[in-house]
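Student: The following block contains the structure, expressed as structure tokens.
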């Protein structure tokens, strides 16, 4: 499915040749809820293996195709039809003419998909004929999670209310953020990469989560959490059922 064009361009600098650009024909989700809306199936689990299957044309763009297997431990949306699932995912493919060598890549690009065996992810999938594939090719919209689900968590939330799913997803992301090591001086680290997604899901109900970083040894991480707290306070947002509130 062609989702549109974005102005995100890879500039490949090749020896003895003009610059070559490759455009990604996929619009990035505006927020975390967009990821859910564009997905037929949302699950979490551990990647048990992945293999490259060759170059494919996806929505008019060339990409390197892979197949991966996941051991599912939770279902948040849709029906997985079993504890094991195989799906297609894609990485960036760069064509270089014979006789030329790529010496560098420059440009501002989103994170690219890279599923690693043994790691647990929150995975967003859509149907592609008779198979499952990632909801957006090449671009990483999955989230890496902790090795095990939160204690006492519900495994199948496919029939839960929207609010219950949002809270369960946020709990997974909170655990992943809190499990990150203290960042190096001058950096916010990986924990801060979960901040916007948690706000997208919970709105003002995420205040308790950001408060937990108020005593971080990293001044940058403290400032990042304070930014989200300021947003909640400046808009005078109140905690309510996340499925009924408008947070943007």
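Student: Going through 231, 202 one at a time, which residue ends up being surrounded by 13 or more Cβ atoms within 10 Å (Cβ to Cβ) and within 19 Å of the chain's Cα centre (by Cα)?
Tutor: 202
Student: Taking the stretch 128-145 as the region of interest, how many residues are under 22 Å from residue 82 (Cα atoms) and touching a helix residue (DSSP H, G or I) at 6+ places or on another chain (Cβ under 8 Å)?
Tutor: 4
Student: Could you grab the pairs with beta carbons closer than 7 Å, sequence gap of 6+ or different chains, first residue in the stretch 52-74 and without any contact (Cβ under 8 Å) to a residue 24 or more places away in the chain, second one surrounded by fewer than 15 Cβ atoms within 10 Å (Cβ to Cβ) and in a strand (DSSP E or B)?
Tutor: The qualifying pairs are 67/51; 67/53; 67/86; 69/48; 69/49; 69/84; 69/86.
Student: Within the stretch 138-248, which helices (runs of 4 or more DSSP H) (wholly inside it) include 1 or more residues that are closer than 30 Å to residue 67 by Cβ?
Tutor: 162-178, 195-202
Student: Report, ordered by the first and then the second residue, all pairs with beta carbons closer than 9 Å, sequence separation of six or more or different chains, a first member in the stretch 227-245 that is over 10 Å from residue 207 (Cβ atoms), and a second member that is loosely packed, with under 15 Cβ neighbours inside 10 Å.
Tutor: 241/161; 241/162; 242/162; 243/161; 243/162; 244/162; 245/238; 245/239
Student: Within the stretch 1-96, considering only strands (runs of 3 or more DSSP E) that don't extend past its boundaries, which have at least 1 residues that are at pLDDT 95 or above?
Tutor: 41-58, 61-77, 84-92
The values are calculated or read from the model by the stated rules, or taken from the named source; none is laboratory data. Just so it is clear, the structure is predicted and the values come from calculations on it, not from any experiment. Using ideal geometry, Cβ is built from the backbone for each residue, glycine included, and neighbour counts are taken over all protein chains shown.
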